[in-house]
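The values are calculated or read from the model by the stated rules, or taken from the named source; none is laboratory data. Everything numeric in this text was worked out from a predicted model, so none of it was measured. Heads up, the Cβs are rebuilt from the backbone with ideal geometry, glycines too, and the neighbour counts pull from every protein chain shown. Only protein heavy atoms, including side chains, enter the accessible area calculation; ligands, DNA and RNA are left aside. Shrake-Rupley method; radii C 1.70, N 1.55, O 1.52, S 1.80 Å.
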Amino acid sequence: SWNFVTDIRSSVFSKIRDYGEFLLYSSLFLGSAAIGMAYTSCFIQGVSCTIHIGLVMFLIVFSVYNMNRKTDEAEDALNHERRFRITKKFERHLFISALGAYIIALAIAAFHGIAAFCVVMIPLISGIFYSVPILPQRCGYRRLKEIPVMKNLVVSSSWGLAFTLVPVYLGASSPNGASIIVFLFIFCWTFVASVLPDIRDRSGDSATGVATIPVLIGVSRSRGLLTVINVSAGIIILTRGSTIIPFPAQVIVLASLVYSQVCIISIDRTSRNDLLCDIISDGQFLTIGGLSLMVSSVYYLHT
């Protein structure tokens, strides 16, 4: 009887783990976090967050990361055995879903004008240059992601522009001073979030000749570099933005920067680097988005 209960419990836990891994490695989790990031961007810029904005950002993130992982199978097979197992098992379904998701995102954007359509194209174009070997051989590199530091700058700039401008143009608004603050905010977070997995994967990257920031300068200096970037961005945003964005939005930015700093301090000082990178760091805007929702509800209630 006890063995039967134990078997049932093990089976339930196994199913929960399998479903959790699928949500995580299919990028459905990242897409959900993107909705929180979109809401935060809207709140800081004073744009009304519509279903279209959240849906488009969900579809873009889900699509880009799945297509990128399709081109990264060799690296994933070495560095991310569990992720590779899931994405390989469902590769056809995920690839078709990724293509369909981006087509839907573009279709929604097209209804909001040419500017919205062009902005939604930014992550796709960046993703192609990032992952596909289209650079001339004389450059010494075939993909942007192979160029040291460049991959982090491309990813950060792409998502910074997308999460800043998609809410603006789909919300029938125009970029303003708050948009600059949001771009710097998202750029900083994405840069940090892109380097943390590189710290985790430095051994595999070094073995395969991938020159990431941690491979080039080591873990300690990478952590110091991220701290300088995070703190500097915080100082600029909170000083320059104090007259541009409302105080509740400044609180959100500060909370996010503190959250990022905790991740920076913790990376490679825990045995759960996968948990830190794939859930805690990547899922940051599930927390920050929820905080933005609560703060904005109170703020608008009293204004």
Self-check item: Among the candidates Tyr130, Tyr141, Tyr65, Tyr102, residue that is more than 18 Å from Thr190 (Cβ to Cβ) and within 17 Å of the chain's Cα centre (by Cα)
Solution: Tyr102
Quiz item: Do we find a residue being in a helix (DSSP H, G or I), among the aliphatic types (A, V, I, L, M) and farther than 25 Å from Glu81 by Cβ anywhere in region 282-290?
Solution: yes
Quiz item: If a residue has to be surrounded by 15 or more Cβ atoms within 10 Å (Cβ to Cβ), within 27 Å of Ser26 (Cα to Cα) and of a type outside the set (A, V, I, L, M, F, W, C) to count, how many in region 288-303 make the cut?
Solution: 2
Self-check item: Answer from Gly224, Gly241 - the residue that is out of contact with any Cys (no Cβ under 7 Å at 6 or more places or on another chain) and open to solvent by 10 Å² or more (accessible area, probe 1.4 Å)
Solution: Gly224
Self-check item: Residue count, region 89-99 (criterion: open to solvent by less than 80 Å² (accessible area, probe 1.4 Å) and either among the acidic types (Asp, Glu) or in a helix (DSSP H, G or I) (or both))
Solution: 5
Self-check item: Residues (charged (D, E, K, R) and buried (at least 17 other Cβ atoms within 10 Å of the Cβ)) located in region 128-163
Solution: Arg143, Lys145, Glu146, Lys151
Exercise. Given the conditions (1) within 15 Å of Met37 (Cβ to Cβ); (2) open to solvent by less than 30 Å² (accessible area, probe 1.4 Å), report the number of the one that Leu184 does not fulfil.
Key: (2)
Practice problem: Give me a count of the residues in region 164-178 that are open to solvent by 10 Å² or more (accessible area, probe 1.4 Å) and under 19 Å from the mean Cα position of the chain (by Cα). | Solution: 1
Quiz item: Taking the stated definitions as given, is Arg240 of a type in the set (Lys, Arg), in a helix (DSSP H, G or I) and modelled with pLDDT of 95 or more?
Solution: no
Self-check item: Residue under evaluation Gly224, criteria (1) touching a helix residue (DSSP H, G or I) at 6+ places or on another chain (Cβ under 8 Å); (2) modelled with pLDDT of 90 or more, criterion not met
Solution: (1)
Quiz item: Based on what the data block shows, is Phe285 without any contact (Cβ under 8 Å) to a residue 40 or more places away in the chain and either surrounded by fewer than 16 Cβ atoms within 10 Å (Cβ to Cβ) or of a type outside the set (Ser, Thr, Tyr) (or both)?
Solution: no
Quiz item: Considering region 100-117 alone, what residues qualify as being assigned to a helix (DSSP H, G or I) and either in contact with a His (Cβ under 8 Å, 6 or more places away or on another chain) or under 25 Å from Ser156 (Cβ atoms) (or both)?
Solution: Ala101, Tyr102, Ala105, Leu106, Ile108, Ala109, Ala115, Ala116, Phe117
Practice problem: Kindly list, by first and then second residue, each pair from a residue in region 118-147 that is assigned to a loop (DSSP other than H, G, I, E, B) to a residue that is open to solvent by 30 Å² or more (accessible area, probe 1.4 Å) and among the acidic types (Asp, Glu), limited to pairs with Cβ atoms under 9 Å and residues at least 6 apart or on different chains. | Solution: Pro133/Glu146; Leu135/Glu146; Gly140/Glu146
Exercise. Could you grab me the full set of residues in region 239-267 that are touching a Leu at 6+ places or on another chain (Cβ under 9 Å) and in contact (Cβ under 8 Å) with a residue 60 or more places away in the chain?
Key: Gly241, Ile252, Val253, Ser256, Leu257, Ser260, Cys263, Ile264, Ile267
